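Report on the structure given below.
Every read-out reported here was derived from the displayed coordinates using simple, explicitly stated rules and does not represent laboratory data. Keep in mind the model is a prediction, meaning the values are calculated, not measured. A quick note on method: Cβ atoms are made from the backbone with ideal geometry, for glycine too, and the neighbour counts reach across all protein chains shown.
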Amino acid sequence: MNFGNLLQQAQQMQRKVNKAKKEFDGKEFEFKSQDDLIVGKMKGNLSISELHITSSLLQEDQENMEALLMATINQSIEKVSKEREDTLNKVTNGVDVSAFL
């Protein structure tokens, strides 16, 4: 295999990875707290596109609401990040291309 072929394969993989990242970033994932008091949607780029808090939670003290909101969002970030990693691993056949991203 010559250098030209290797470079061409790397560029092709980069295009596939970029396409997969773009598609994943636009994908929406639903999230909710264990007791469904907080529900929403997060995009693959980790931006929150919807957030709904039940009125009963709004009646609780601020500290409890903040703790539940942080836990729910952090769980969602962890889930979406893991799925993103799995998606990119499928595109690259498990080759770590993080240095190129």
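Considering only the range 46-62, I want to know if a residue exists there that is in a helix (DSSP H, G or I) and either among the hydrophobic types (A, V, I, L, M, F, W, C) or in contact with a Leu (Cβ under 6 Å, 6 or more places away or on another chain) (or both).
Looking through the range 46-62, at least one residue is in a helix (DSSP H, G or I) and either among the hydrophobic types (A, V, I, L, M, F, W, C) or in contact with a Leu (Cβ under 6 Å, 6 or more places away or on another chain) (or both).
Taking the residues in the range 53-93 that are surrounded by fewer than 11 Cβ atoms within 10 Å (Cβ to Cβ) and of a type in the set (S, T, Y) as candidates, determine which candidate is nearest to G40 (Cα to Cα).
This residue is S55.
Consider Q34 carefully, then state whether it is under 24 Å from G94 (Cα atoms) and surrounded by 10 or more Cβ atoms within 10 Å (Cβ to Cβ).
Answer is no for this residue.
Quick grid of which residues meet (1) touching a Lys or Arg at 6+ places or on another chain (Cβ under 9 Å); (2) farther than 27 Å from Q12 by Cα:
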{"site": "K22", "(1), (2)": "no, no"}
{"site": "E28", "(1), (2)": "yes, no"}
{"site": "D36", "(1), (2)": "no, yes"}
{"site": "G40", "(1), (2)": "yes, yes"}
{"site": "N74", "(1), (2)": "no, yes"}
{"site": "V80", "(1), (2)": "yes, no"}
{"site": "T92", "(1), (2)": "yes, no"}
